[in-house]
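The structure appears right after this line, and notes come after that.
The values are calculated or read from the model by the stated rules, or taken from the named source; none is laboratory data. This structure is a prediction, so every number in the text was calculated from the model and none was measured. For neighbour counting, all protein chains shown are included, and Cβ atoms are generated from backbone atoms with ideal geometry for every residue, glycine included. These accessible areas exclude ligands, DNA and RNA; they are computed on the full protein's heavy atoms, side chains included. Shrake-Rupley method; radii C 1.70, N 1.55, O 1.52, S 1.80 Å.
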Amino acid sequence: MNPLPAESDMHPLPEEMIVSAETHIRDILSLAIMYTPQHTAIVISDADCPLAVALTQAYQRALPTATFIDFNAVSHADIFNLFATLAPGDLVVLIQSTSFRLKDFRIRVELFERSLKVIEHPHLSRMRGPERNFYIDSLAYDPTYFRGVGHALKKMIDGAKHAVIDSGGEQLIFGSGLENAKLNIGDYTGMKNIGGQFPIGEVFTEAQDLEAVNGRVRIFAFADITFSINIPDRPLTLIVNKGRVIDVLDSTPEFDQVLEKIRADEDEVWLRELGFGMNRAFSPTRVVSDVGTYERMCGIHLSLGAKHGVYKKNNFKRGTTWHHVDVFAATELVYLDDQIIFEKGAWQV
């Protein structure tokens, strides 16, 4: 759990931040979601943290004809009844200080099943102080960058025979081809579901043969057991053999807790996801506490644990995979085959 915020941390966000958020939201609506006023829009929000309040104000300006609902002021039955009035292609925006749930389901899953467009902003209370500025910056939608770089990365990933992550002299080698990459770039062409969690900016894959991943990788941040970003005083070095983390140099008690939890449930610590983050609002020096937000950071993130529902592997059976823990590489260079595609903190494609 997050500690209670200081009183000064509950002050409203300044007007210029709301104006910036409104600008970005208008671009998301028109360029990514392709929303038009002919469709109904509903915004469900709470007022439990300043960032949620500011985003709600920004949406009120960007969607003046939308219906706005206070999640804490209505029953779950009322919300379901409201969803029942919507038609395919209508829009629902979820602005959440934590994460809204109805019954046993995440609302986004329920909405996609109804063929509705969704924009979800979860865990906003985890962003505090300057992190709120970073979050609003991360909502900027540049279709030329996200779609151009995103599709170029996917094409190269899908055709690569191997990959190398250089994290300052240490190399993690993916000795097999990579799974067909998935895109989270605000381009929903041909996709069943339109929308998802914002901010966006990621292309992800994993090794076709997980045991072909070997070497070392330095990580500067990781998700701790509270699902918050933890940045140790110095990078940790993961030693990977046949797709498993077998040792850690310069570990910390907090990271040891992560490994112990994975091993307790899964025996071994597998390395699975290879994520190519694209959001330039986040970097090793521009960090937000929420892991699900920060994983869009421009650079490489990896996942520890056997859980990765997007890619099915024969050696993992349903009900035996429990953990997916993001860790962030101190990335200096990324190679696909022999071509450098990431250098000096930016994608070179």
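Under the rule of at least 5 residues apart or a separate chain, name every residue whose amide H is placed under 5 Å from the amide H of Asp90.
So Asp90 has HN proximity to Lys117.
If the limit is 22 Å between Cα atoms, which of Lys154/Lys312; Lys161/Lys261; Lys261/Lys307; Lys117/Lys307; Lys182/Lys313; Lys161/Lys307 go over it?
Cα-Cα > 22 Å for Lys161/Lys261; Lys117/Lys307; Lys161/Lys307; rest within.
For the pair Lys312/Glu16, report the inter-label distance in nm, with labels modelled 7 Å from Cα in the Cβ direction.
Reported label-point gap for Lys312 and Glu16 is 5.3 nm.
How far apart, in nm, are the 7 Å Cα→Cβ label points at Thr285 and His39?
4.0 nm
Keeping every protein chain present and rolling a 1.4 Å probe, give me the accessible area per residue for the range 7-125 in Å².
46 Å²
Which of the following values of Cα extents along the principal axes in Å was calculated from the structure shown: [x] 55, 44, 40; [y] 104, 48, 33; [z] 51, 47, 44?
Answer by label: [x].
Assuming R0 = 22 Å, can you tell me the calculated FRET efficiency for the pair Ala152 and Asp338, based on Cβ-Cβ distance, to the nearest 0.05?
In this case the efficiency is close to 0.85.
Leaving ligands, DNA and RNA out of it, report the carbon-plus-sulfur percent of the accessible area of the chain at a 1.4 Å probe.
Ligands and nucleic acids excluded, carbon and sulfur reach 51 percent.
How far is the Cα center of the range 182-200 from the Cα center of the range 245-303, in Å?
Spelled out, the Cα-based centre of one part sits 23 Å from the other.
Grab the DSSP H runs of the chain that are 4 residues or longer, score each as -39,500 (n - 2.57), total them, divide by all residues and round the 222 nm result to the nearest 500 deg cm²/dmol.
-7500 deg cm²/dmol
Rolling a 1.4 angstrom probe over the protein chains, ignoring ligands and nucleic acids, what is the accessible area of Glu113 in square angstrom, nearest 10?
140 Å²
Set the Förster radius R0 to 30 Å, insert the Cβ-Cβ distance between Thr144 and Trp322 as r into 1/(1 + (r/R0)^6), and round the FRET efficiency to 0.05.
Using R0 = 30 Å, I get an efficiency of 0.15.
Please give the direction-averaged projected area of the C-alpha convex hull for the range 220-349, in square nanometres with one decimal.
Mean projected area for the range 220-349: 8.5 nm², to one decimal.
If each residue of separation counts as 0.36 nm, what is the full-extension length gain between Asn180 and Ile225 once their alpha-carbon separation is subtracted?
This chain segment gains 13.2 nm when fully extended.
Based on the Cβ-Cβ distance from Glu260 to Ser75, what FRET efficiency comes out when R0 is 30 Å, to the nearest 0.05?
0.15
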